[in-house]
Structure formats: C-alpha cells, structure tokens
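To start, the structure itself, in structure tokens.
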Amino acid sequence: MAQVVKSDTLEDAMARNPHLRRYVESFRKKYGKMPEFHPQLSRDMSDIMYPNILYPVGDPIFIHIYGDQKTEKKYIVIEPRIENTVEESKYGMIKDKILELAPTKDIPEDQEEFERFLDAMFDEAVLSLVKSKAKLGGGKGKGKGGERFTLTKEEMEKFRYLIKRDIIGIGPLEPIARDPYIEDIHIIGANYVALVHKIFESLPTNITFGDNVKLADYFKNIAERIGRPISDRNPIVDGALPDGSRINIIYSPDISLKGPSATIRKFSATPISIVQLISWGTLSAEVAAYLWIALEYGMSVFVCGETASGKTTLLNSLIPFIKPGSKIYTAEDTPEVQVPHPTWQRLITRERGPEESRVTLFDLLKAALRSRPNYIIVGEIRGAEGAIAFQAMQTGHPVMSTFHAGDIKKMIQRFTGSPINVPITFIDNLNIAVFQQAVYVKGKFLRRTISVVEIEGYYEELGGVATRNVFEWDPVADKHIFRGFNNSYILENKIAEVAGYEDPKEIYNELFLRARILERMKELGITNYWDVYREIKAFYQRGIEGLSFRI
C-alpha cells in the first residue's frame, strides 16, 4: 500500500501526487511561504518553536506540521480526498460494483494476496462500468443524472487508494497508523482527533468523521474486524488493530458524553533498540550493561512505572540481552512484546466467549510452568497472575514483566496486597526492579529510567524487605549515577560465583566492557533493533572478536 522514497524532493513528490501540489500551492498563497520538505525527521526538530515541516509517510500520504504566532500548531494529513458530488457518485458506483462482483470470487486470507485481489477487483469494476456505459447517479453518490461514467488517471489512483484505505486499512485513521513518529491517538467525538507525536508532542489534527453516527459506525466496523464486537450492552472494548496497536473504544453516548471515543497506542513493527534508548538518554550504557549481565544469568527483572512512562518500550529493548539459544514464552492480553529469538512461544488471552472457553493470563502462566522455558515474559501483571509469576520464579523460571508502580515501596505494597497477595517472604524471588518515568527536562517531555533497585531479601529482624539502589537518575545533570559500583548484591552475590570469578569485584570490569560495546554502537550509529541484536548475538558466540567493529 505504501511507497516511501527516501531521496525525494518536494518537486518529485508533487510531480507524483497532484493532490500534494494543490495543497502546497494553496498553502503558499495563504501564508506566502513554502513548507520545508524532510524525507525523515530528527529529534532536534523538537526545538523549533513554529514548525513548517512536511514529510512523507508513503505515497500518497504526506503530513504537514505547521504553527505560527497566530496559528495553533497542528498535524495536517494530506491525502487524496473526494472533492465533489460527481466524484462521490463515481466512487459510490465503483464500491457497489465491487460488492456485486465479490460474492462470485474466492477471497484470499493472506493480506498481500488480498491486496492484489482488491486491485484486480477494482480494475474489473471500473472496466465493467465503462463497458456498460453506466450513467452517474447509479451509485450511492449524487451525480449529474445522465452523465456517462468516465475516470481520469488521477481519479483512478485516488479511488484505488480510498478503497484500499477503507477495506484493508483503518479508514480515516490510516495516515496516522502509517506515521512512524506517532505514539498515541485520541478520538473524542467525530470532530476531535488529536495525537502525541514523538518529536512535536501533543497536536490536534485535521481528521474528522463528519458526525457521531458515522463515528459510531466506524467503531462498530473496527470492533467487528478485531473480533471484539461492541454495542450498547457491551460499550467498552479493548483489542489490537491489525498492525498490533492497542485500541480502547468507549461506544455509548450515555457513557462518553462528547460522543464515541477511543485511544490508540501505536505499535512499532520494529521495536526501539537499547542503543537508541541510550542515545536518547533514557538510560545510560552502564545501566544497560548491568541489565545485560543480569539477563544473561537468568535474573528476574520487572520494568515498573506509571502510564506512558515507556515500560513496554524498555522491556522490548532488553529482550535481546537474553542468551540467543533460549526458549522464551510470552503471555499477554494484547500482543506488544517482541522477541527476536527463534524459539519463541507467543500466547494471547481469550477474553470472549462462554466462561469455560476463556483463557486468562493466569491460565497461560500455569501452562508456561509445564513448558520449561528459559524465560517467561508477561506483557503486564495486573492481578492474580502476579502470584503465579512469583511461583514461577520460585521454581527457577526467570520472569520479565511490566508492572504499574512508581517506586519500590509501592511495588511491594501492590504485590503483597489484594488481588495479587504474594507473601512478603517471597518478594526476593524477584531480583531487579527498573523504574521508568515520564519527566520534563528543560521544557521537554522525556522518558527516563529513574532508578534500578536490587531486591536482596526479607529480613525478619528488619520486619521488611532489604533493597539496594544500584542506579539513580540525577535530574539536575540528567545523568545516571552508578550507586552500586563495588556494592551490587546481584552482581557479586548472585552472578559472580556462577560466572566463575575468583574475586567477585572483577565482574565490574565485564560490566564496563559491555557498556563500552553499547557506547561504541551508539557512536557508530548502530541503532536499528535487528542490527543491535546481531551484534549482541555475535558477542555471545565469539566474544569481542565476533563484533563487526573494534572497541
């Protein structure tokens, strides 16, 4: 569906896309300037107070981010649109003809094959309408009665795009779904669609659904497609879109007073790598190296934090540190965890259907204990499945997960309280808790690993759990301080002996070596998730000799 040309210029893009040319000319007439065309964006663009940036997300879709002293900064989608009643009539006739022809065809299930099938159906429908000398007004649109059905080349490409956008894609939201710079999408009623941009933060958009009836129909259609039907009886639905993004829909007007609403958390097909997070300052190379050693030696690690603190992003970036030959078992409500290892069993809960056929996270974790994986990864622990996760750790199965807690005290309180009810004496089965937070630094919205805490054990004489802060984030300097240097319980007491160090303190040399490897990858621009995974895998197989660079 999408074509991205990275060496594009604005002239090239406008030559291929007449709708883009019309938009740019209209903008120039209104504001007396041209948009700045960028095939790719960079993080330092966030410093631009009044952006005028236009970028492609795959032909024929372009995004313009514009704001000035008089105009609120806005996210403007530029895509082919139905311009008038004549085009509306033609488009309606093509859709009706496709629906008429479809029942006689074998419809493929594979997405790529289905796209080719839809192309063929579109061509057949157009040819049929032209050959039959169909008159406008024969479709759902209101054309001029009696005018013959003909198509220009531009109309042909426009209608083909819209058919695919609405049938294969997700309709009016398809442009945002294709934009790799988007984190979250918020829809509140038919005429308010806003988003969180990775560079330009919160922005309203020019996307509209017309009215709340159309928006309700749109949500009904989406909910049917993802297998989570919605209605007035079942007005709130959670699910995953075809690209893996998580969607929460609130359907009924008596619950969502401004009209049907939804929140979409964008899913990235290629996770963000640990080196990319280091380059953004989310965590330091030393923090990452510490977690690398911990995961190599089967420590259980939970990534904790509040909503939108980057928990799942960090969790995904850490998974390549697990030994390459490991058998990994993931259990989730919605598929967000990405595992690069070939032996990966990916399981999802089943929340619909009769009570006896439902499968919960609790059920999946019980099944995991029988599979004897090297690592169990739970997308997010919320309830009773937390007790099973601790049972798994107690029987020697390392566990990774995300958990909603802002600090170690709250984390322990939540695990030992209802509904999880883990006995406090079991808490030390978890080795490390990493805490994430969304913070403002010098006016910028950033995500930071604010602390890494080791759980040493429960001491009756203390009446609680002993913990050690091995890393802390200094908000003034925006740096991570290694408090656990020469004082790490996990490295010295849990790992050093197993790793064969006569002097436990020698393990810190290994930590600094791995930190240097990660720093070197950052310096060389090796930030792609799969490239980083290949380097880590090569290091496991052949040590520093296996790396593609010198350190």
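The values are calculated or read from the model by the stated rules, or taken from the named source; none is laboratory data. Predicted model, so just to flag it, every value in this text is computed and none were measured. Every residue, glycine as well, gets a Cβ built from its backbone with ideal geometry; the counts of neighbours run over all protein chains shown. Heads up: the accessible areas ignore ligands, DNA and RNA and are worked out on the full protein's heavy atoms, side chains in. Shrake-Rupley method; radii C 1.70, N 1.55, O 1.52, S 1.80 Å.
Per the Kirkwood treatment, what hydrodynamic radius in Å, one decimal, follows for the chain from the mean inverse distance over all distinct Cα pairs? Working shown, then result.
Values: mean 1/r = 0.0379 Å⁻¹.
When all Cα pairs of the chain are included, the Kirkwood radius is 26.4 Å.
Relative to the current alpha-carbon distance between Asp68 and Glu201, full extension at 0.36 nm per residue lengthens the span by 46.3 nm. Note on segment 280-412: percent of Cα-Cα distances in each 5 Å bin, starting at 0 and stopping at the bin with the largest distance, equals 2, 10, 20, 24, 22, 13, 6, 2, 1, 0.
Starting from the Cα-Cα distance between Ala194 and Phe485, subtract it from 0.36 nm times their residue separation and give me the gain in nm to one decimal.
Working: separation 291, 0.36 × 291 = 104.76 nm, distance 4.47 nm.
Answer, rounded to one decimal: 100.3 nm.
Per-residue 3J(HN,Hα) values for segment 191-200, derived from phi via the Karplus relation 6.51 cos²θ - 1.76 cosθ + 1.60 with θ = phi - 60°, read 10, 10, 10, 10, 8, 10, 8, 5, 10, 9 Hz in sequence order (x marks Gly and Pro). The mean accessible area for residues of segment 81-129, using a 1.4 Å probe and ignoring ligands and nucleic acids, is 59 Å² per residue.
Ranked highest first by the average count of other Cβ atoms within 10 Å around their residues, in what order do 181-194, 271-284 fall?
Numbers: 181-194: 19.0, 271-284: 22.3.
Going by the mean number of other Cβ atoms within 10 Å, highest first, we get 271-284, 181-194.
Of the whole protein surface, Arg22 contributes about 100 Å² of accessible area at a 1.4 Å probe radius.
How far, in nm, would the chain grow between Asp110 and Ala384 when pulled straight, counting 0.36 nm per residue and subtracting the alpha carbon separation? List each step's numbers first, then the result.
On the way: separation 274, 0.36 × 274 = 98.64 nm, distance 3.72 nm.
Computed gain between Asp110 and Ala384 is 94.9 nm.
In segment 1-94, inverting the average of 1/r over every pair of distinct C-alpha atoms gives 14.6 Å as the Kirkwood radius. For a distance above 15 Å, tell me the whole-number percent of Cα pairs in segment 89-132 that qualify. For segment 89-132, the fraction of Cα-Cα distances above 15 Å is 41 percent. The calculated FRET efficiency for Asn509 paired with Asn84, based on their beta-carbon distance and R0 = 51 Å, is about 0.10. Suppose the Debye formula is applied to equal point scatterers at every Cα of segment 407-530; what is log10 I(q)/I(0) at q = 0.13, 0.22 Å⁻¹? After summing over all Cα pairs, the log10 values are -0.72, -1.29. Output the Kirkwood hydrodynamic radius of segment 345-434, Cα pairs only, in Å rounded to one decimal. Kirkwood hydrodynamic radius for segment 345-434: 13.7 Å. Close amide H partners of Gly281, meaning residues 5 or more places away or on another chain with modelled amide H under 5 Å apart, do not exist here.
Report, in debye and to the nearest 20, how large the dipole of the chain comes out about its Cα centre when Lys and Arg carry +1 and Asp and Glu carry -1 on their Cβ. Before the final figure, lay out each step's value.
On the way: 72 positive and 74 negative charges, 305 e Å.
Once rounded to the nearest 20, the dipole reads 1460 debye.
Given R₀ = 56 Å, what would the calculated FRET efficiency be for Leu151 paired with Asp363, taking r from the Cβ atoms and rounding to 0.05? The computed FRET efficiency comes out at 0.55.
Ranked from largest, the principal axis spans of the Cα set of segment 5-44 equal 29, 25, 11 Å.
Leu54 contributes an accessible area of around 0 Å² to the protein surface, as traced by a 1.4 Å probe with all chains present. Could you check how many percent of all C-alpha pairs in segment 60-149 are farther apart than 21 Å? Roughly 51 percent, once rounded to a whole number. Segment 226-250 and segment 46-114 have Cα centres separated by 23 Å.
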